[in-house]
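To start, the structure itself, in C-alpha cells.
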Amino acid sequence: MAIIAFRNPANGYVETVTHPGLWTLLFGCFYFGAKGVWLHAVMAFALAVITGGLSWLIYPFFARRIIETHYLRHGWQRDDTGDILVEQRSAAREAKIDRSFSIVEITLMVGFALFAAFFLASGGAQLVLKALQAPH
C-alpha cells in the first residue's frame with residue numbers, strides 16, 4: 001500500500017504518508033525532518049556523512065516502518081478507512097482552507113536549494129559557463 005494514514009485521537013486530524021521509501025530515496029534525512037522524525041533525520045544525516053552517501057540508498061527500505069512506528073509511539077492511530085483523502089479534500093473545500101505549502105513541497109524546495117548550493121560550491125557553474133563559451 002502506497003498511502004498510510006494516521007489519525008490523531010486528540011483532535012481527529014488525519015496525517016497521510018505517501019510513498020515514504022521514494023521520498024527518502026530522493027531527500028534522505030530531510031524527509032524525516034519534514035515528517036518530524038528528528039531522531040532518524042539526525043541518524044540518516046550522520047550515516048550519510050560516514051558512509052559517503054551509501055546509506056541514502058539503504059534507508060528507503062526502512063522508511064515506511066520508521067514513519068509508522070513514530071506515529072504509533074506518539075499515540076496516533078492507524079486509519080485504514082480508505083476514504084481519508086476524499087474526506088480531507090472535501091473538508092478543505094468546504095472550509096476553504098488555503099495551505100500555503102505542504103510538507104512535501106517544502107521538502108522539495110529545501111532539497112533543490114541544497115542541490116543548488118552544492119552545485120555552486122563545487123564549481124559547477126564555472127564549468128557550465130566555460131562549456132557555453134567554447135567555440136562550436
### Task
Hey, can you tell me all the residues within segment 37-56 that are in a helix (DSSP H, G or I) and of a type in the set (Gly, Ala, Ser)?
Ala41, Ala44, Ala46, Ala48, Ser55
### Query
Out of the residues in segment 1-41 that are surrounded by fewer than 18 Cβ atoms within 10 Å (Cβ to Cβ) and aromatic (Phe, Trp, Tyr), which is farthest from His70 (Cα to Cα)?
Tyr13
### Task
Mind telling me which of the residues Phe32, Phe27 ends up being in contact (Cβ under 8 Å) with a residue 40 or more places away in the chain and among the hydrophobic types (A, V, I, L, M, F, W, C)?
Phe27
### Message
Please count how many residues of segment 51-99 are under 24 Å from Leu26 (Cβ atoms) and at pLDDT 60 or above.
### Response
21
### Query
When you scan segment 1-36, how many residues do you find that are outside any loop (DSSP other than H, G, I, E, B), over 9 Å from the mean Cα position of the chain (by Cα) and among the aromatic types (Phe, Trp, Tyr)?
1
### Query
Going through segment 101-136 one residue at a time, which ones are closer than 22 Å to Arg7 by Cα and at pLDDT below 70?
Phe101
### Message
For the structure I just gave you, tell me whether Ala44 is at pLDDT below 90 and buried (at least 20 other Cβ atoms within 10 Å of the Cβ).
### Response
no
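The values are calculated or read from the model by the stated rules, or taken from the named source; none is laboratory data. On a predicted model such as this, the values are computed, not experimentally measured, just so you know. Cβ coordinates were reconstructed from backbone atoms using ideal geometry, including for glycine residues, and neighbour counts include every protein chain displayed.
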